[in-house]
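Worksheet: one structure, shown below.
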Amino acid sequence: MKTFTTLVQMENFIQSACEKAIENVAKRATEELESYIQEDFYRQYSPLFYDRTYQLLKSPKYNMLNQNTAQVFIDTDAMHYLAGEDGFTGEDSAYYASLGWHGSPNIVRDGRYWEDFIEWANKNIPVLMKQELKKQGLNVV
């Protein structure tokens, strides 16, 4: 049990614990998003005419926006494609892959990595956050 002699000490402890917990949950969610991309996209189809770059698989990232907020996202800026005439971008790739498209609307599979990840996040983030806060020394119910 932690003892504090001032309110500021307690506030600083709680803020630090919350920040660590949020970052740990963001890291875990990023790993989970990568796993959904692997399962729902890459394992659904093997291309016949091109070699994969796996840029989408490497794109999940997280950012601490401030001490109390993290974002988990697909870093489409890090995805580099030969844009050519169609102007295909990393954002296009992430979006169409989330619909199950594999290089063209003629090759569609059931995997919907983003929908599955959001469903997982809605169910698991609150539980993970409580677990991480407890690991940091805050007893939450």
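For this structure, a couple of remarks:
- Enumeration of residues in the stretch 97-134 that are loosely packed, with under 12 Cβ neighbours inside 10 Å and touching a residue at least 40 places away in the same chain (Cβ under 8 Å): Asp110
- Of all residue pairs spaced 6 or more apart or on separate chains, those with beta-carbon atoms under 6 Å, a first member in the stretch 21-49 that is in contact (Cβ under 8 Å) with a residue 24 or more places away in the chain and of a type in the set (Ser, Thr, Tyr) and a second member that is in a helix (DSSP H, G or I) and surrounded by 15 or more Cβ atoms within 10 Å (Cβ to Cβ) are Tyr36/Tyr113; Tyr36/Asp116; Tyr36/Phe117.
- Filter result for Ala26 (hydrophobic (A, V, I, L, M, F, W, C), more than 22 Å from Trp101 (Cα to Cα) and out of contact with any strand residue (DSSP E or B) (no Cβ under 9 Å at 6 or more places or on another chain)): no
- If the condition is being assigned to a loop (DSSP other than H, G, I, E, B) and within 18 Å of Lys27 (Cα to Cα), then the stretch 96-141 contributes only Gln136.
- Hits in the stretch 12-56 - residues which are within 21 Å of the chain's Cα centre (by Cα), surrounded by fewer than 16 Cβ atoms within 10 Å (Cβ to Cβ) and of a type in the set (A, V, I, L, M): none
- Single residue of the stretch 12-48 satisfying the filter (modelled with pLDDT under 95 and charged (D, E, K, R)) that is farthest from Lys135 (Cα to Cα): Arg43
The values are calculated or read from the model by the stated rules, or taken from the named source; none is laboratory data. Please read these numbers as outputs of a predicted model, since none were measured by experiment. All Cβ positions, even for glycine, are placed from backbone atoms using ideal geometry, and neighbour counts span all protein chains on display.
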